[in-house]
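Taking it in order: structure first as structure tokens, then the write-up.
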Amino acid sequence: MRHQADLPSHVGNTMAEFVMQSLGCEVAALNTVHFSNHTGYRQFKGTRATAQEITEPYQGQCQSNLTDFDVMLSGYAPSAAAVEAVGAIGIDLQKKAENKPGSFFWVLDPVMGDQGRLYANDDVVPAYEKTIHHADLILPNQFEAEVLSGVKITSLSTLAEAITAIHRIYSVPHIIITSVQLLKLSQSGSTPSPPENYLTVIGSTTRSNGSPRLFRIDVPALDCFFSGTGDMFATLTVARLREAVDAASPDLRNTASWVSPNDVEPSNLPLARTTIKVLSSMHSILERTMEARDAELAAASSLNGDSRGAGKARLPASHKSS
């Protein structure tokens, strides 16, 4: 049984708790917002947690000796103060585990914006910049990677520059950029473009000298819009990465940040193997979701005498839920 601390929003935790518990994780969830539904529906009610409301439940867990966590996943935080409160929890858990390398691993999703714009407050950016260097793995989208690295991603070479910069600036050992619009980037002659209607995920684990080990995975896009895919990706990654680390080497779990030796090729990294498995699972789940949606809409159309059937919306190349 794996003990996980989980600090996304209420709507994110609705996804996260189910996924991680289904994979055998014991989850202690702490909500950073309390919304009625996903904001992707464009109408919702609820409140955003203050820093105190984030900190006090954790303090209660500390008082009762309930902080034996080996992984922490942090996601959307509604303010700079909330980012700092979540960061303080992660740092405290790291200190508790500092005498046992590899016994605590922090996955941080720096939810700030997408599609070229911030949807968080401006002061959230410097708060994340102060926090990220404590994390073991971060999951930015393309826009967030640009914000954190200071590199505008216009080609595969600038994408590599951005990842290298994040490794260097924040000393974060693992990165997955969860959505890259590769067809829109300049291609080198030696790098094949993905087929049309594919999405690309790029990841890296550092070597001991800080240089990246880049891997790339192309996955078919689905002709549908989904909310919560970012939450599903993050939580599946939490569960599957530990499995991949255990399978790679008995000693890797006792290595700081689970960083593989320098001689491990990018395609054999536990992070790369994890990403492949996560994307495969997501594709299967989302295909079944589409089938169920189509069946429901067809039934509704039949009842209403509407023969036009269900319209389809495009799944964006970059989508992150809050």
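The values are calculated or read from the model by the stated rules, or taken from the named source; none is laboratory data. For clarity, every value in this text was computed on a predicted model and none was experimentally measured. Neighbour counts are summed over all protein chains in view; Cβ atoms, including those assigned to glycine, are modelled from backbone coordinates with ideal geometry.
Every condition in (1) surrounded by 18 or more Cβ atoms within 10 Å (Cβ to Cβ); (2) in contact with a Gly (Cβ under 6 Å, 6 or more places away or on another chain); (3) in a helix (DSSP H, G or I) is met by F215 except one, and the failing one is (3). Considering (1) modelled with pLDDT of 50 or more; (2) assigned to a loop (DSSP other than H, G, I, E, B); (3) surrounded by 13 or more Cβ atoms within 10 Å (Cβ to Cβ), the lone condition that S281 does not fulfil carries the number (2).
Restricting the stretch 66-87 to residues that are more than 19 Å from M112 (Cα to Cα) and in a loop (DSSP other than H, G, I, E, B), the residue that is farthest from the chain's Cα centre (by Cα) is L66.
Evaluated against (1) of a type outside the set (G, A, S); (2) surrounded by fewer than 23 Cβ atoms within 10 Å (Cβ to Cβ); (3) over 23 Å from S204 (Cβ atoms), V83 falls short on exactly one condition, (2). One residue stands out in the stretch 68-94 among those that are touching an Asp or Glu at 6+ places or on another chain (Cβ under 8 Å) and not aliphatic (A, V, I, L, M): the one that is farthest from V107 (Cα to Cα), namely S79. Of the candidates Q52, Q63, Q94, Q115, the single residue that is farther than 21 Å from T235 by Cβ, under 21 Å from the mean Cα position of the chain (by Cα) and either surrounded by fewer than 16 Cβ atoms within 10 Å (Cβ to Cβ) or not aliphatic (A, V, I, L, M) (or both) is Q115.
L214: of a type outside the set (V, I, T), modelled with pLDDT under 95 and farther than 17 Å from G102 by Cβ, yes or no? Lay out the reasoning, then the answer.
Numbers: of a type outside the set (V, I, T): yes; modelled with pLDDT under 95: no; farther than 17 Å from G102 by Cβ: yes.
For L214, the condition - of a type outside the set (V, I, T), modelled with pLDDT under 95 and farther than 17 Å from G102 by Cβ - is not met.
Scanning the stretch 55-96 for residues that are touching a strand residue (DSSP E or B) at 6+ places or on another chain (Cβ under 6 Å) and within 25 Å of N141 (Cβ to Cβ) gives V71, M72, L73, S74, P78, V86, G90.
Among residues of the stretch 120-166 being touching a residue at least 60 places away in the same chain (Cβ under 8 Å) and surrounded by fewer than 23 Cβ atoms within 10 Å (Cβ to Cβ), the one that is nearest to A88 (Cα to Cα) is D136.
Taken over the stretch 33-47, the residue count meeting the criterion of being free of Cβ contacts under 8 Å to residues at least 60 places away in the same chain and surrounded by fewer than 16 Cβ atoms within 10 Å (Cβ to Cβ) is 9.
Just so you know, in the stretch 32-52 the residues that are within 18 Å of A80 (Cβ to Cβ) and in contact with a Ser or Thr (Cβ under 9 Å, 6 or more places away or on another chain) include one that is modelled with the lowest pLDDT, and it is V33. On the stretch given as the stretch 237-259, residues that are part of a helix (DSSP H, G or I), among the hydroxyl-bearing types (S, T, Y) and out of contact with any Asp or Glu (no Cβ under 9 Å at 6 or more places or on another chain) total 1. Would you please list the contacts, defined by Cβ atoms under 9 Å and residues six or more apart or on different chains, that run from a residue in the stretch 17-32 that is at negative phi and in a loop (DSSP other than H, G, I, E, B) to a residue that is surrounded by fewer than 18 Cβ atoms within 10 Å (Cβ to Cβ) and hydroxyl-bearing (S, T, Y)? Hits for this filter: zero, empty list.
Beta carbons closer than 8 Å, at least 6 apart along the sequence or on distinct chains, pair a first residue in the stretch 54-75 that is in contact (Cβ under 8 Å) with a residue 12 or more places away in the chain and farther than 22 Å from M20 by Cα with a second that is small (G, A, S) and part of a helix (DSSP H, G or I) for T55/A85; T55/A88.
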